[in-house]
Every structure is written in structure tokens, then in C-alpha cells.
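S.K.: Okay, handing you the structure first.
Taken together, the values in this text are just the output of simple stated rules run on the coordinates, not laboratory data. Small disclaimer: the values here were computed from a predicted structure and weren't measured. Cβ placement follows ideal geometry from the backbone for every residue including glycine, while neighbour counts extend to all protein chains displayed.
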Amino acid sequence: MKLGVVGSINIDMVYKLSQFLKQGETRFGSDFQVLMGGKGANQAVMMSALNDHVVFLGAVGQDSFGEDALKHLKQKNIDVSYISKKKENTGLAIIQLVDGDNSIAVIPGANIQIQKEEVDRFLNENSDLGLVVTQLETNLDSVAYLIEQCKERNIPLILNPAPAAKLADGIIDQVAYLIPNETETELLFGSTDYESLVKRYQGKLLITMGSQGVMYYDGEKATVAPSQKLEVVDTTGAGDSFVAGFATGIANKKSMKEAVELGIKVASLTCMNMGAQGAYDQVRSQLNEKARNH
Ligand code: RIB
């Protein structure tokens with residue numbers, strides 16, 4: 001099945017600190033690494049690890065980071081023919097890690113230059129897409145246009161509304177699945193009554209709740225699929241990995257429960273490795289077959 005990802009590509013500058021920085025504070029960090037990231041790229045890479053044919057609409061800068069990112073995505077078997085090179089810098093994320101948890105500053109650069117015309121070309125030339133996944137780390141007008149176009153063309157779309165942003169009226173009605181975390185849910189709906197929200201948007205809304213698991217509607221009631229107990233190395237990209245696993249499950253006609261469980265497995269492997277895409281090889285070797293034959 002051919003799956004589309006429209007999203008961001010970042011270079012993640014990661015370092016460890018003993019505690020998060022306070023305003024005006026200087027501290028020594030350690031373990032600095034430059035890794036591949038960006039919510040769109042993270043999702044695409046894990047979807048590809050699960051053996052789906054992934055075609056990516058995105059943008060990088062005309063810099064060496066952009067070249068590195070393109071080469072990397074190609075190596076992960078992702079179709080990069082719809083990734084354009086913009087005048088702006090390749091997206092960057094500065095990630096502080098404290099005991100496996102993180103805080104992230106994103107400099108979007110080229111990511112927010114994705115234009116509606118590129119969305120048109122992407123959808124026109126890939127009319128066989130089984131599903132599209134997108135987030136909010138790119139150009140929000142183009143994301144809204146993508147959502148409208150997918151609805152018109154009957155292509156199911158998964159929106160991961162991250163980083164948190166208010167959505168225009170009607171957007172939620174047009175998507176097949178909406179996967180926010182708790183913070184994003186609160187901003188979108190102005191409520192922390194997750195159970196009521198999941199009941200209201202039956203089968204459409206799934207809320208990722210970190211170490212607690214994922215809340216979704218199981219056909220009868222709001223339920224929480226628990227996360228796996230594990231040694232956390234780095235939670236960066238766990239949400240992206242959940243989205244990727246869930247998307248692959250749904251695209252391959254798994255039940256909601258099976259797709260949620262697959263998402264949780266991919267997210268768990270991600271938490272056990274350094275970097276948002278560090279679990280690629282494990283996902284490929286441990287979950288690839290299961291995604292098909294579960
Ligand atoms: O979701 C994790 C991602 O958020 C990181 O890879 C970083 O690039 C930011 O976009």
C-alpha cells in the first residue's frame with residue numbers, strides 16, 4: 001500500500017542536561033549529538049520500517065543539512081521526489097534531554113514554505129495513496145488545504161496536531177483520525193475530560209497520554225491501551241512513532257485495537273533508543289512482518 005506523509009524534516013541537535021534550564025541560567029551539558037528528526041520525517045521513517053511504500057511531501061534548505069536529510073530519507077526507502085529545496089534553512093530542533101524527558105525548540109525554516117501547488121502536484125501524481133499522515137510543523141495554510149483536498153478525493157487522512165495549535169473550524173470534521181497528546185487536546189478542545197471527548201468523536205479521536213498509554217473508543221466505550229513498561233532512554237519521537245504504527249495498521253486493514261497496539265509497540269522501541277528515529281532497525285526487524293500478518 002502506498003502511504004503519503006506531508007510534514008517536516010528537521011536536524012535534531014540533542015544534548016543532555018542534569019535539569020532543565022531556567023531563564024538566564026548557564027549549565028554544562030553533555031552527550032551532544034546531531035540526529036535526523038522532524039515530526040513528518042520521523043513518522044515516514046517508521047512507516048517505511050514497517051514495510052509500507054512511503055512518499056513524502058516536504059522541504060529542506062539548500063544547505064548541507066538538507067543534503068544529509070535527503071540522503072538519509074532515500075536510504076530509508078522513502079520516495080523523496082516531492083521534497084523541494086527552498087531558500088530558507090533546513091529545519092532545526094534544539095533538544096534538551098533530562099532523564100529521558102525532553103524540551104524542544106524548533107526553527108522551522110524551509111518546512112513552512114510548502115505551498116498549496118505542491119500539495120496539488122503531490123495528490124494529482126499519487127492518486128493511488130491509501131492514506132495520508134500530516135502534522136502541524138509545516139505551513140498551516142497548506143496543511144488545511146491538504147486536509148480539504150484529501151476529503152474531496154476520499155483519501156483518509158490522519159492529523160497529528162503537533163506542535164499544539166488552534167485549528168480552523170471544520171478541520172476536525174474533515175479528518176479520518178485525529179491524534180493529539182494531552183496538551184494538544186486541551187488547546188484544541190479547551191477540556192481535560194478526555195473520556196467525554198473520545199466518546200464524542202467516536203473512532204476518530206485518539207489521545208496519547210505518555211507513559212499511561214493511549215485513550216480511544218473501542219466500539220462501546222472510551223478505553224486506555226496501556227503503554228509497555230520499559231527502560232526509557234529518550235522519549236523524543238515516541239508520539240511520532242505511535243502515529244506511524246497506527247497509520248500502518250489502519251492502512252493494512254487492522255482493527256482499531258490492533259492498530260493502536262502496533263503504534264504502542266513502535267513508540268516503546270523508540271523510547272528505548274536514543275533519538276526520534278533510533279529504533280528504525282529494531283522496528284524493521286521485530287515488527288515489520290507482524291504489521292502485515294498480525
Ligand atoms: O516529535 C519529535 C520531533 O519534534 C523531533 O524530531 C524534532 O525535530 C521536533 O520536530
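S.K.: Going from the alpha-carbon gyration tensor of the stretch 107-208, what semi-axes, largest first and in whole Å, does one get by taking the root of 5 times each eigenvalue?
M.R.: Values: eigenvalues 118, 55, 19 Å².
Taking √(5λ) for each Cα gyration eigenvalue gives 24, 17, 10 Å.
S.K.: Can you list, bin by bin at 5 Å, the percent of alpha carbon pairs in the stretch 189-292, starting at 0?
M.R.: With 5 Å bins starting at 0, P(r) equals 2, 14, 23, 23, 19, 11, 6, 1, 0.
S.K.: Could you please rank 234, 101, placing first whichever residue has the fewest other Cβ atoms within 10 Å of its Cβ? Let's see the in-between values first.
M.R.: Values: 234 24, 101 13.
Placing the least packed residue first, the sequence is 101, 234.
S.K.: For the stretch 123-273, count all C-alpha to C-alpha pairs, find those more than 18 Å apart, and express that count as a whole percent of the total. Could the numbers behind the result be given before it?
M.R.: Numbers: 6371 of 11325 pairs.
Across the stretch 123-273, Cα pairs with separations above 18 Å total 56 percent.
S.K.: Further question: When the Karplus curve 6.51 cos²θ - 1.76 cosθ + 1.60 is applied with θ = phi - 60°, which whole-Hz ³J(HN,Hα) does each residue of the stretch 225-242 get, with x for Gly and Pro?
M.R.: With coefficients 6.51, -1.76 and 1.60, one gets 7, x, 7, 7, 6, 7, 7, 7, 9, 6, 7, 4, x, 4, x, 4, 5, 4 Hz.
S.K.: Strictly greater than 22 Å: what percent of every Cα pair in the stretch 23-158 meets that? Let's see the in-between values first.
M.R.: Details: 3818 of 9180 pairs.
Here the tail beyond 22 Å accounts for 42 percent of pairs.
S.K.: For the chain, what relative contact order do you get, as a whole percent, if you take Cα pairs closer than 8 Å and at least 6 residues apart?
M.R.: Numbers: 672 pairs, mean separation 52.3, N = 294.
Relative contact order, the chain: 18 percent.
S.K.: How big is the shadow of the Cα convex hull of the stretch 100-163, averaged over all directions, in nm²? Intermediate values should be presented prior to the final figure.
M.R.: Working: hull surface 21.1 nm².
Value for the stretch 100-163: 5.3 nm².
S.K.: Also: What base-10 log of the normalised intensity I(q)/I(0) is obtained for the chain from the Debye formula, alpha carbons as equal point scatterers, at q = 0.15 Å⁻¹?
M.R.: Normalising to I(0) and taking log10 leaves -1.16.
S.K.: Let me ask something else about it. Among all stretches of the chain without exposed trypsin sites (Lys or Arg not before Pro) (DSSP loop, at most 14 other Cβ atoms within 10 Å), which one is longest? If you can, show how the numbers build up before the last one.
M.R.: On the way: sites that count: 22, 27, 87, 153, 166, 221, 229, 253.
In short, 88-152.
S.K.: Give me the net charge for the shell around residue 86: Cβ to Cβ below 12 angstrom, other residues only, Lys and Arg +1, Asp and Glu -1.
M.R.: Details: positive: 85, 87; negative: 63, 88, 118.
Neighbourhood net charge equals -1.
S.K.: If you don't mind, another one. Out of the stretch 1-103, which GluC sites (Glu not before Pro) are coil in DSSP terms and have no more than 10 other C-beta atoms within 10 Å?
M.R.: Values: sites: 25, 67, 88; in loops: 25, 88.
Answer in residue order: 25.
S.K.: Additional query: Modelled label-to-label distance, residue 165 and residue 117, 7 Å Cα→beta-carbon offset: nm?
M.R.: With each label placed 7 Å out from Cα toward Cβ, I get 2.1 nm.
S.K.: What does the extension gain come out to for residue 221 and residue 209, with contour length at 0.36 nm per residue minus their alpha carbon separation? Don't skip to the answer; put the middle values down first.
M.R.: Numbers: separation 12, 0.36 × 12 = 4.32 nm, distance 1.72 nm.
Using 0.36 nm per residue and subtracting the Cα-Cα distance, I get 2.6 nm.
S.K.: Let me ask something else. If you count the DSSP beta bridges with both ends in the stretch 45-197, what percent of them are antiparallel, to the nearest 5?
M.R.: On the way: 7 of 19 bridges.
Bridges in the stretch 45-197 that DSSP calls antiparallel: roughly 35 percent.
S.K.: Separate question: Would you grab the residues whose amide H sits under 5 Å from the one on residue 59? Only those 5+ places off in sequence or on another chain, please, with H modelled 1.01 Å from N.
M.R.: 9, 84
S.K.: Next up: Which ³J(HN,Hα) values in Hz, rounded to whole numbers, follow from the phi angles of the stretch 159-170 under the Karplus curve 6.51 cos²θ - 1.76 cosθ + 1.60, where θ = phi - 60° and Gly and Pro get x?
M.R.: In residue order, the calculated couplings are 9, 9, x, 10, x, 3, 7, 5, 9, 5, 3, x Hz.
S.K.: Jot down the radius of gyration and Dmax of the stretch 1-102, Cα atoms only, both in angstrom.
M.R.: Expressed in Å, the Cα Rg and Dmax of the stretch 1-102 come to 15.5, 50.
S.K.: Along Cα→Cβ, 7 Å out, is where each label goes; now give me the distance between the ones at residue 154 and residue 124 in nm to one decimal.
M.R.: Using points 7 Å along Cα→Cβ, the separation is 2.2 nm.
S.K.: A further question follows. Along the Cα→Cβ direction, 7 angstrom out, place labels at residue 183 and residue 286. What is the inter-label distance in nm?
M.R.: So the two model labels end up 2.7 nm from each other.
S.K.: With N denoting the number of residues in the stretch 139-198, provide Rg(C-alpha) divided by 2.2 N^0.38 Å, to two decimal places. Write down the numbers at each step before the final one.
M.R.: On the way: Rg = 11.7 Å, N = 60, 2.2 N^0.38 = 10.4 Å.
Working it through for the stretch 139-198, the quotient is 1.12.
S.K.: On alpha carbon coordinates alone, what is the Rg over Rh value for the stretch 63-108, Rh being the Kirkwood radius?
M.R.: On the way: Rg = 13.4 Å, Rh = 12.4 Å.
In the stretch 63-108, Rg relative to Rh is 1.08.
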